[in-house]
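To start, the structure itself, in structure tokens.
The values are calculated or read from the model by the stated rules, or taken from the named source; none is laboratory data. Keep in mind the model is a prediction, meaning the values are calculated, not measured. Glycine also receives a Cβ, built like all others from the backbone with ideal geometry; neighbour counts cover every protein chain displayed. Each accessible area value is taken on the protein alone, full model and side chains, heavy atoms only, with ligands, DNA and RNA left out. Shrake-Rupley method; radii C 1.70, N 1.55, O 1.52, S 1.80 Å.
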Amino acid sequence: MILDRALVRVLPAVPRPVVQLFSSRYIAGSTLEDAVRVVRRLNGEGMAATIDVLGEEVTRADEARGIARAYRDVFDEIERQRLDSNVSVKLTALGLNLSYELCKENLVDVVGQGRFVRIDMEDSTTTDATLGLYRELREAGHDNVGVVLQAYLRRTLHDVRMLADLKPNVRLCKGIYVEPPSLAYTDPAAVRTSFVQCLDALLESGAHVAAATHDEALIQEALRRDVREFQMLLGVREERARELVAEGHKVRIYVPFGEQWYAYSLRRLQENPAMATTIARASIARAFRF
Ligand SMILES: Cc1cc2nc3c(=O)[nH]c(=O)nc-3n(C[C@H](O)[C@H](O)[C@H](O)COP(=O)(O)OP(=O)(O)OC[C@H]3O[C@@H](n4cnc5c(N)ncnc54)[C@H](O)[C@@H]3O)c2cc1C
């Protein structure tokens, strides 16, 4: 949950090396080998993974095709090393902002590899296209694809109902992008209430649901229900993830890797309660060279 909107505005002014330093815990590294090493460790601790090739909002078609190709390499490595992992993709990385058709082509290429593919949900300008593409793929017979719903959006309960006929595979999260109050709940309590309502509606509709949250109140709500999978982000509440595994629950960790670490890092830093002050201090120190 966004803790401080002022922080969101200030973060882009933070020097990149400072961002990189503080966000390294959230990212496996810059190469596929780095991701494989992290997934191996997680698998060894009883957790599954979802590997994300970092990148978003690409501006050239060849870049988007490059990301689709990078996923082929990820699948090859998952297969070769027998990793317990699927993948997550961002549609703007596959060219959504360039053209719906280009994005669909790239998505079909990735999904056509046969392993489970989770389509991440980005900001609200992409929600309709994302749900539209998800439906198109499912109706074309691709069952190895899942989607993400964001509890902070006011529309999400309606989206749950609209997706029900597909018996969708859904990752439910709070949502991280900065959205206007007309579209999204901003009060943390309202976001939590919506999360629980969406969770119930999804379970009632027969969806396969993964609860993606580090919020203890919501983890408890999910534990009270028949939620089959918990998902967390690399570098966040790993101890809690291990406890859930020890209690017999399925846990999947989101493992991003790649050179395009900046935007993802900013989103993680804005959510880290301890980081707001630290980053501010480090930036001031750097600016004045003390
Ligand atoms: C597996 C997974 C996939 C996701 N996919 C998407 C997606 O596709 N689209 C989207 O919009 N959002 C996505 N998110 C992000 C999500 O929407 C939230 O922004 C994020 O999970 C923080 O919300 P929270 O439920 O953990 O609650 P919060 O209230 O933010 O966090 C609860 C507690 O967790 C700890 N914590 C949380 N974040 C951090 C951090 N960065 N560093 C240190 N401690 C932290 C803190 O102790 C905090 O008090 C995903 C989250 C997960 C776990």
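Worth pointing out:
- Contact order for region 37-122, expressed relative to its length and based on alpha carbon pairs under 8 Å spaced 6+ residues apart, stands at 34 percent.
- Remark: region 143-267 carries 41 Å² of accessible area per residue (probe radius 1.4 Å; ligands, DNA and RNA excluded).
- Rel. contact order, % - alpha carbon contacts under 8 angstrom, at least six apart, region 107-262: 17
- Mean Cβ neighbour count within 10 Å, used as a protection proxy, ranking 237-247, 170-180, 87-97, 52-62 highest first: 87-97, 170-180, 52-62, 237-247
- Only helices enter this figure: runs of n ≥ 4 DSSP H residues, each worth -39500 (n - 2.57), summed and divided by the residues of the chain, yield -14500 deg cm²/dmol at 222 nm to the nearest 500.
- The distance separating the Cα centre of region 125-184 from that of region 93-108 comes to 17 Å.
- 1.4 Å probe accessible area per residue over region 1-129, in Å²: 45
- Here region 163-265 is treated as a Stokes sphere of Kirkwood radius computed over C-alpha pairs; at 4 °C and 1.567 mPa s its diffusion coefficient rounds to 87 µm²/s.
- Residues whose amide H falls under 5 Å from that of residue 118, counting only those 5 or more places apart or on a different chain, are 87, 88, 89, 146, with hydrogens built in the peptide plane.
- Relative contact order of the chain, defined on C-alpha pairs under 8 angstrom at six or more residues apart (%): 27
- Approximate spin-label separation residue 41-residue 61, in nm, with each point projected 7 Å along Cα-to-Cβ: 4.1
- You can think of it this way: the chain between residue 82 and residue 144 has 20.5 nm of extra reach, that is 0.36 nm per residue less the Cα-Cα gap.
- If only the Cβ of Lys and Arg carry +1 and only the Cβ of Asp and Glu carry -1, the dipole of region 8-74 around its Cα centre is close to 120 debye.
- Inter-part distance where region 12-56 and region 201-249 are each reduced to a Cα centre, Å: 21
- The slack between residue 34 and residue 216, meaning 0.36 nm per residue of separation minus the straight C-alpha distance, is 62.6 nm.
- Within the full protein context, the accessible area of residue 195 is estimated at about 0 Å² for a probe radius of 1.4 Å.
- With the simple model of a label 7 Å out from the Cα in the direction of the Cβ, residue 187 to residue 164 spans 2.7 nm.
- Amide N proximity, region 140-156 versus residue 105 label position 7 Å along Cα-to-Cβ, cut-off under 13 Å: none
- Antiparallel DSSP beta bridges within the chain, percent to nearest 5: 5
- For the chain, diffusion coefficient by Stokes-Einstein and Kirkwood Rh (Cα), 4 °C, 1.567 mPa s, µm²/s: 66
- Sulfur and carbon atoms: percent of accessible area, the chain [1.4 Å]: 51
- The stretch between residue 178 and residue 274, if pulled fully straight at 0.36 nm per residue, gains 32.6 nm over its current Cα-Cα span.
- Projecting the Cα positions of 87, 150, 38 onto the charge dipole of region 18-153 (unit charges on Cβ atoms of Lys, Arg, Asp and Glu, taken about the Cα centre) puts 38 furthest along the positive direction.
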